[in-house]
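A short worksheet on the structure shown next.
The values are calculated or read from the model by the stated rules, or taken from the named source; none is laboratory data. Keep in mind that what you see is a predicted model, and the values were worked out from it rather than measured. Here the Cβ is made from the backbone with ideal geometry for all residues, glycine too, and neighbour counts use every protein chain on show. Please note that ligands, DNA and RNA were not included when accessible areas were found on the heavy atoms of the full protein model with its side chains. Shrake-Rupley method; radii C 1.70, N 1.55, O 1.52, S 1.80 Å.
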Amino acid sequence: MPRVIKHPELRREELLDHAQALFLTRGYDRASLNDVIAAAGVSKGAFYHYFASKDALLVALAERFARQAMAGVQEILDDPNLDPLGRLNSLLAQSRRAKIETAPEAWALFETLFRPENLVLFHRINLAASASFSPLLVRIIRQGVEDGTFRTFDPEGVADIVMQFGTATHDVVAKAFAGGSDADMDVAIETLEKRVRLYEIALDRILGLPDGSIRIGEPGYVRAVMTARRTNAGKAR
């Protein structure tokens, strides 16, 4: 059989597809790099040309999830009927929808990140997400400053604060996973719902808006995401 030559980006995406499928069916910890290499039908040398380690593979999957979450964002950015506040809330709403839709797969891949020994990797993946999302936030905030909707002297700093919100909830989620009971998870959900409300108020104040202007969450959002994790864990057992 002649050797099939594929474009490097296509080959990389295929490796990610095989890795994601294995991680979903076996779990990240139980699927080895050798398993991924065998499933993809490539040599070790070919695999390591694209990914230096299992952690690097996970970061690449996180980056791909981030890109998928941004699907349809350009329409929001270009919509002439949206003012900067409406554009920002639409962007946050798009992010919420993407997180709910991908929650089962995301938990299967990334739950391991909430273990204490994986904190550094967790931060690396947050940086990957920030690289996709933060420039969009900066663009919208600058538009709002220019037309007087927002009042801030540092749009980049505001975007950084928004991206830090996810990092700041790490310990809450980690404790719920460590406890393992429904009661632990319910406490975490209640805590996260309160935290989202706090972040909304904080953003309103930072941007000089009336309370209730920014909508990071919505009724049932946190529970939908966290319940997807619980359902996925039950299927894994």
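Within the stretch 13-39, residues that are crowded, with 19+ Cβ neighbours inside 10 Å have Cβ atoms under 6 Å from residues that are of a type in the set (S, T, N, Q) in these pairs: Tyr28/Thr112, counting only partners at least 6 apart in sequence or on another chain.
Restricting the stretch 77-116 to residues that are among the acidic types (Asp, Glu) and in a helix (DSSP H, G or I), the residue that is most open to solvent (accessible area, probe 1.4 Å) is Glu101.
Is it the case, given these coordinates, that Ile214 is open to solvent by 60 Å² or more (accessible area, probe 1.4 Å), β-branched (Val, Ile, Thr) and in the same structural domain as Asp147 (by the TED database)?
When the stated conditions are applied, Ile214 does not pass them.
Name the residues in the stretch 43-61 that are more than 11 Å from Arg12 (Cβ to Cβ) and either modelled with pLDDT under 90 or part of a helix (DSSP H, G or I) (or both), would you? Lys44, Gly45, Tyr48, Lys54, Asp55, Ala56, Leu58, Val59, Leu61, listed by residue number. Only a single item in (1) closer than 30 Å to Glu146 by Cβ; (2) hydrophobic (A, V, I, L, M, F, W, C); (3) under 12 Å from the mean Cα position of the chain (by Cα) is not met by Phe65, and it is number (1).
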